[in-house]
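No lab work stands behind these numbers, since they all come straight from the coordinates. Keep in mind the model is a prediction, meaning the values are calculated, not measured. Quick reminder, even Gly has a Cβ in these numbers, built from the backbone with ideal geometry, and neighbours come from all protein chains shown.
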């Protein structure tokens, strides 16, 4: 499988999101990456269900929704109704992770699990076969534009080994600090999905930047 690219709406112009939607629709991107922050699990607040529903009306690609919130189980049905195709919850926020994953799947969505930089891969060993996507945070979650954490390469390799060992079909997604400086190596290590926010929306030509991430031709 060729790798996928998921531009993060978090780095778009919140006062004018329609051009960002049109950009993603017309680009080589595969997913919309939607970061939902509650100011509790992470020290920032992004946007909620009404904004996601508004974006969904214009989107033509997969909605990859990343919940950086406490008690995500309360909102699973709501995010399905808002248009999520993939719903990712944080391992650190889910005391009953298996139940949460099953609830996501019961709503017809794919289930993802995100790990903070300090959270080890082996904690997913008993549940990796039930997960559709693992999002490795390559920055500390909460803000865009942070520097990439180099240990991520080793975590990708370890996760890839676990997925192979357990015969899981989970995709490996990298979120944070992705750019032309590390994209090729991330994919070489085993990454399947590259999330990019400020690198895309901060560039002079975001559509060309997305194409570069997709082709790894910089």
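Mean separation of Cα pairs under 8 Å and 6+ residues apart, divided by the residue count of the chain: what relative contact order is that in percent?
Details: 441 pairs, mean separation 48.2, N = 218.
Reported as a whole number, the value is 22 percent.
Between 42, 178, 113, the residue with the greatest mean-square fluctuation in the GNM of the chain (Cα pairs under 10 Å linked by springs) is 42. Only bridges whose two residues both fall in region 4-215 count here: according to DSSP, what percent of them are antiparallel, nearest 5? The antiparallel fraction comes to roughly 5 percent. Can you give me the Cα centroid spacing of region 120-170 and region 19-80 in angstrom? The distance from the Cα centre of region 120-170 to that of region 19-80 comes to 20 Å. Note on residue 16/residue 203: beta-carbon distance plugged into 1/(1 + (r/R0)^6) with R0 of 22 Å gives a FRET efficiency of 0.85. With the simple model of a label 7 Å out from the Cα in the direction of the Cβ, residue 118 to residue 215 spans 4.2 nm.
In deg cm²/dmol and to the nearest 500, what is the mean residue ellipticity at 222 nm of the chain if only DSSP H runs of at least 4 residues count, each as -39500 (n - 2.57), divided by the residue total? Display every interim value, and only then the final one.
Values: 8 runs with 70 residues, N = 218.
It lands at -9000 deg cm²/dmol.
Using the Cβ-Cβ distance between residue 184 and residue 151 with R0 = 25 Å, the FRET efficiency computed as 1/(1 + (r/R0)^6) comes to roughly 0.90.
Counting Cα-Cα pairs of region 93-179 in 5 Å increments starting at 0 gives whole-percent bin shares of 3, 14, 26, 23, 18, 12, 4, 0.
Can you sort 187, 193 from fewest to most other Cβ atoms within 10 Å of each residue's own Cβ?
Working: 187 19, 193 25.
If I rank by nearby Cβ atoms, fewest first, I get 187, 193.
With a ≥ b ≥ c the root eigenvalues of the C-alpha gyration tensor of region 4-215, is it rounded (a/c under 1.5), prolate (a/b larger than b/c) or oblate? Oblate. The largest-to-smallest principal axis extents of the Cα set in region 137-207 are 42, 24, 18 Å. Taking the chain as a Gaussian network, Cα atoms linked when under 10 Å apart, which of 23, 133, 115 shows the biggest mean-square fluctuation? Taking springs between Cα atoms under 10 Å, the residue moving most is 23. Between 108, 190, 142, the Gaussian network model of the chain with springs among Cα atoms under 10 angstrom shows the greatest mean-square fluctuation at 108. For region 10-95, rounded, prolate or oblate, judged on the Cα gyration tensor with a ≥ b ≥ c (square roots of eigenvalues), a/c < 1.5 rounded, else prolate if a/b > b/c? Prolate is the answer for region 10-95, as a/c is 1.5 or above and a/b outweighs b/c.
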